[in-house]
Amino acid sequence: MSLTKNSNNSLSAGKFFKNVGRVTNYIGAENLSLIIALIVMVVLINSQTEYFFSGRNIFNIGQNMAVVGVIAVGMTFVIVSAGLDISVGSIAGCASVICALVVTQLGSVPGGVVLGITIGVALGMVNATIISILRVNPVVATLATFSAFRGVAFLIAPGGRSIGVLDPSLGYLGSGRLLQFGDFPGIPVAFMILVIVAVGAHFVMTSTVFGRSIYSMGGNPVAARLAGINLTKMRYAIYAIAGSLAGLAGVIVTARTSSGQPASGTQGLELEAITAVFLGGALLAGGKGTIVGTMLAVLLLATLSNGMNLLGIPTFYQLVAKGLLLVVAVAIGQWRMARSERIQAKVAAAGGDD
Amino acid sequence: MTLKTTPILAVSGVGKSFPGVKALSNVSMDVHPGEVVAFVGENGAGKSTFLKILCAEYSLDEGNIDLDGVKLNHCTPLDARDAGLRLVRQEPEIIGDISVAENVFIGEYPRLSFGRVDFPGMRATVLELLERYGFAGMIDINALGRTLSPAQMHIVEILRALKDGVKLVAFDEPTSSLTSREVDRLFGLIRILKSEGLGVIYVSHRLHEVMEIADRVVVLKDGVLTGDLMIEDTSEPEIIKLMVGRELAHGFNREETTTTEVVLEVNNLHSQWHNDISFKIHAGEIVGFGGLVGAGRTELAKVLFGEYAKESGVIKISGEVKNIRNPSDAIAANIGLIPEDRKGEGLILVRSLIENASMAVFSKLSRFGILRNRDMVTTVSPYIKQLEIKTPSLDQVVGKLSGGNQQKVVLARWLAAKPKLLILDEPTRAVDVGAKAEIYRLIDDLAKKGMAIMLISSEMPELLSMSDRIIVMCDGKISKPIEKIDATEEAIVNYALGTATN
């Protein structure tokens with residue numbers, strides 16, 4: 001309580017900080033810093049090139065976010081539960097191949113989409129089984145399936161090669177656009193899929209028993225079990241969700257590239273998604289992280305690479321920049337946590353609120 | 001007896017406080033060369049704190065520690081070790097994948113040139129030590145740590161303490177994992193140490209061992225020294241009296257409540273830790289569970305709650321047989337558990353108060369799996385208020401609350417779940433005195449409202465004042481219930497030490 005007394009010294013400043021505090025509380029301090037970083041980056045890029053705010057370019061950013069964004073949503077579930085799923089890129093590869101096979105062989109686009117997602121669910125369950133029943137650490141388990149599932153993707157693709165799919169209604173999922181008129185290039189359909197997935201996931205994470213239980217089990221699995229949460233069931237659901245979204249991402253890749261790709265287009269997605277989740281404020285130890293944070297991070301990363309492309313900066317620098325961004329973001333998070341602990345220790349030592 | 005010598009260890013006026021607790025006050029004692037001094041006291045009397053202060057794991061608040069002329073008041077554990085003070089731990093840290101010889105020398109490997117480890121020298125030294133202290137042939141020095149029996153691990157721990165420059169050895173509950181033959185061997189070792197002129201501190205619950213091996217006995221009670229007697233001038237009953245003779249000044253006076261409705265009935269329960277346990281708890285009744293640490297009380301709570309498996313036996317709740325295989329089954333059977341380790345097992349420290357408090361009733365607060373925020377607030381708030389949990393808001397991260405408030409959050413969780421049987425495992429551990437009184441009042445309230453309560457406690461005043469009946473556990477078995485009027489500290493200690501029989 002002694003802390004608020006100081007703000008009487010300068011009333012207006014106090015009020016200002018109070019309002020800032022309220023906004024920070026609502027958005028969350030981590031998300032606020034992502035937003036600030038995003039604004040700074042946009043201002044910087046925009047000062048160097050006139051193309052950034054062109055409709056075409058914004059459309060591209062939205063289009064490019066979709067695949068990694070969908071996977072990052074699933075990864076958020078996994079990481080908040082104190083797990084990790086390295087196999088999602090390989091699952092997406094399997095789904096891409098399956099989807100293309102179904103569309104070309106059976107001629108059914110809905111069938112291809114559904115089966116692509118279903119194979120994702122099935123492979124997610126395989127991960128959950130290895131982790132829960134065989135008791136293999138999630139990193140090791142999904143490192144194994146990372147390799148195995150990629151192999152499966154090549155095995156089911158005839159000759160291990162990509163499968164061409166020339167079906168316009170499938171293509172619509174990947175490169176279609178909504179609300180196009182005049183100069184406005186419209187909204188990418190793939191981006192809308194991401195928005196729907198993210199909004200749904202946000203609702204699940206914040207407002208359902210299942211979602212809150214993910215936070216509990218990630219924060220302290222023993223306490224969660226002693227409060228009646230069935231960890232095995234939870235893991236099955238979580239890895240199935242991550243798998244299904246990886247499957248969906250694979251379907252979008254097939255749609256965009258008009259081909260079922262066992263590897264190209266889905267390789268490295270897992271690491272990009274993991275990067276986004278940590279950048280979005282999640283802890284490797286679990287119990288923390290939000291869909292909003294992850295989505296902001298995906299947007300930030302997409303903007304970064306788009307801006308650097310516009311400025312003609314070679315990809316090699318982009319890779320270094322992404323790495324730096326992650327280290328800086330997590331280091332700031334650690335520093336903030338340590339500071340709040342120090343303040344708390346001081347309050348406790350002074351015999352404050354306790 | 002060589003009492004005319006200068007003491008090898010002189011402790012004077014040592015005091016130590018933790019937030020809300022005075023763990024030790026004004027403890028003075030000494031140990032002479034070639035003397036074995038036993039330390040006895042109940043759980044929480046301050047024996048472990050004293051040992052930790054001796055080997056400088058805790059710093060002392062006041063007083064002096066002098067080991068053979070070296071002041072050890074504010075030094076590091078390494079300094080204390082270098083000065084010649086060694087602790088033989090009850091549960092030694094043995095590294096599983098290195099050999100016995102390496103385990104003995106861990107951290108202090110003898111070196112050859114270029115930083116190479118002198119393996120032959122190390123093995124030779126260990127063999128010599130084994131010979132010298134009567135352990136020859138009992139342990140293979142090339143065996144890996146994880147293949148050792150508890151007794152062999154204990155030998156490794158002893159060799160670590162004795163291998164060089166030792167002046168005083170403190171044994172912490174050395175016989176808890178030993179058979180009687182191994183105990184005899186240990187006593188042989190202690191006699192060798194005596195003859196070599198070392199000082200020995202022997203901490204134990206087992207009074208007959210103390211009578212056999214010690215020259216002198218020092219009794220601690222509630223952090224205060226209550227006796228320092230030569231063994232030949234005392235007896236077991238006198239020591240017990242010194243350990244427990246306490247006024248129940250801070251006790252809590254409960255009105256007795258008696259109902260006939262049986263809430264929990266346990267019949268012939270067997271498990272890895274337990275041997276034929278049967279008892280009943282009635283509605284509105286508080287049954288205290290006493291016993292030493294390691295007697296199997298916490299494990300019993302967890303078996304009842306489905307966290308650990310039982311081997312056989314029947315658990316009935318309100319007359320109905322319940323097959324409890326996991327904690328969710330236990331919750332469905334209307335059982336609540338407040339675990340002993342609230343940070344490790346009770347709370348999700350990184351999450352908010354309201355989430356922590358409503359966790360066990362998530363399913364009741366939801367429709368089609370969607371949580372109703374308002375219902376969460378209306379369900380939890382009354383308990384936050386009733387328990388007087390001090391928090392800036394319901395969204396406060398639980399890790400930032402004080403210990404007492406954290407404990408109340410776990411309590412709030414189970415109050416919200418409205419169980420018929422509430423198991424409390426050391427509910428006031430590391431809670432300050434004020435919060436303690438509030439928690440007692442609350443437990444009393446719950447019993448009055450008809451909840452059956454199983455109260456596991458190592459604190460005598462708590463056990464005696466809160467319980468309607470007390471069951472004492474010893475080595476996985478239970479005593480017959482002691483009715484409130486017959487309950488005395490002597491009776492409980494006797495059952496807990498296994499010196500009394502049913």
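Some observations on this one:
- Cβ pairs under 6 Å, 6+ apart, first in the stretch A:298-311 and over 16 Å from A:N31 (Cβ atoms), second in a helix (DSSP H, G or I) and aliphatic (A, V, I, L, M): A:A302/A:I61; A:A302/A:M65; A:N306/A:I61; A:G307/A:I45
- Here A:I86 fulfils each of the conditions (1) over 28 Å from A:G219 (Cα atoms); (2) open to solvent by 10 Å² or more (accessible area, probe 1.4 Å) apart from (1).
- The one condition from (1) more than 11 Å from A:T76 (Cα to Cα); (2) small (G, A, S); (3) more than 14 Å from every other protein chain (Cβ to nearest Cβ) that A:A285 does not meet is (3).
- The combined condition, being open to solvent by 10 Å² or more (accessible area, probe 1.4 Å), within 29 Å of A:A153 (Cα to Cα), away from every other protein chain (no Cβ under 14 Å) and under 14 Å from the mean Cα position of the chain (by Cα), is not fulfilled by A:L296.
- Residue in the stretch B:451-458 that is of a type in the set (A, V, I, L, M, F, W, C) and out of contact with any strand residue (DSSP E or B) (no Cβ under 9 Å at 6 or more places or on another chain) present: no
- Looking across the stretch B:405-420 at every residue that is in contact with a helix residue (DSSP H, G or I) (Cβ under 9 Å, 6 or more places away or on another chain) and farther than 14 Å from B:P339 by Cα, the one that is most open to solvent (accessible area, probe 1.4 Å) is identified as B:K418.
- Of everything listed in (1) over 24 Å from A:H202 (Cβ atoms); (2) surrounded by 15 or more Cβ atoms within 10 Å (Cβ to Cβ), the single unmet condition for B:P382 is (2).
- Residues that are over 30 Å from B:F18 (Cβ atoms), free of Cβ contacts under 8 Å to residues at least 12 places away in the same chain and assigned by TED's automatic domain parsing to the domain that holds B:K16 number at least 1 in none of the strands (runs of 3 or more DSSP E) confined to the stretch B:175-231.
- B:M376 fulfils the conditions (1) touching a Ser or Thr at 6+ places or on another chain (Cβ under 9 Å); (2) open to solvent by 50 Å² or more (accessible area, probe 1.4 Å) except for a single criterion, (2).
- Looking only at the stretch B:105-120, and only at residues there that are part of a helix (DSSP H, G or I) and among the aromatic types (F, W, Y), the one that is most open to solvent (accessible area, probe 1.4 Å): B:F114
- Checking each residue in the stretch B:291-320 for being among the hydrophobic types (A, V, I, L, M, F, W, C) and more than 29 Å from B:M460 (Cβ to Cβ) picks out B:A309, B:V314, B:I317.
- The stretch A:300-317: number of residues that are over 19 Å from the mean Cα position of the chain (by Cα), surrounded by 11 or more Cβ atoms within 10 Å (Cβ to Cβ) and within 22 Å of A:S54 (Cα to Cα): 6
- Among the residues of the stretch B:238-272, those identified as at pLDDT 90 or above and either surrounded by 15 or more Cβ atoms within 10 Å (Cβ to Cβ) or in a helix (DSSP H, G or I) (or both) are B:V262, B:V263, B:L264, B:E265, B:V266, B:N267, B:L269, B:H270, B:S271.
- Residues that are open to solvent by 20 Å² or more (accessible area, probe 1.4 Å) and more than 9 Å from chain A (Cβ to nearest Cβ), drawn from the stretch B:330-367: B:N334, B:E340, B:K364, B:R367
- Of all residues in the stretch A:249-273, those satisfying the criterion of being open to solvent by 20 Å² or more (accessible area, probe 1.4 Å) and either under 25 Å from A:S169 (Cβ atoms) or part of a helix (DSSP H, G or I) (or both) are A:R256, A:T257, A:S258, A:Q261, A:S264, A:G265, A:L271, A:E272.
- Hits in the stretch A:202-223 - residues which are more than 7 Å from every other protein chain (Cβ to nearest Cβ) and buried (at least 23 other Cβ atoms within 10 Å of the Cβ): A:I214, A:M217, A:G218
- Scope the stretch B:392-410; condition within 30 Å of the chain's Cα centre (by Cα) and either under 14 Å from B:R351 (Cβ atoms) or more than 10 Å from chain A (Cβ to nearest Cβ) (or both); matching residues: B:V397, B:V398, B:G399, B:K400, B:L401, B:Q406, B:Q407, B:K408, B:V409, B:V410
- Test: residue in the stretch B:11-20 that is surrounded by fewer than 21 Cβ atoms within 10 Å (Cβ to Cβ), part of a loop (DSSP other than H, G, I, E, B) and not hydrophobic (A, V, I, L, M, F, W, C): yes
- Selection within the stretch B:121-138 - aliphatic (A, V, I, L, M) and surrounded by fewer than 19 Cβ atoms within 10 Å (Cβ to Cβ): B:A124, B:L127, B:A136, B:M138
- Among the residues of the stretch B:327-358, those identified as within 28 Å of the chain's Cα centre (by Cα), more than 15 Å from B:K408 (Cβ to Cβ) and in a helix (DSSP H, G or I) are B:P327, B:S328, B:A330, B:I331, B:G344, B:E345.
- Hits in the stretch B:287-326 (condition: in a loop (DSSP other than H, G, I, E, B) and of a type in the set (A, V, I, L, M, F, W, C)): B:L292, B:V293, B:A295, B:F305, B:A309, B:I324
- Any chance A:L106 is modelled with pLDDT under 95 and not small (G, A, S): yes
The values are calculated or read from the model by the stated rules, or taken from the named source; none is laboratory data. As the structure is a prediction and not an experimental result, all values here were calculated from the model. Reconstructed Cβ throughout: ideal geometry from the backbone, glycine too, with neighbour counts over all protein chains shown. Surface accessibility is based on the protein's heavy atoms, side chains included, excluding ligands, DNA and RNA. Shrake-Rupley method; radii C 1.70, N 1.55, O 1.52, S 1.80 Å.
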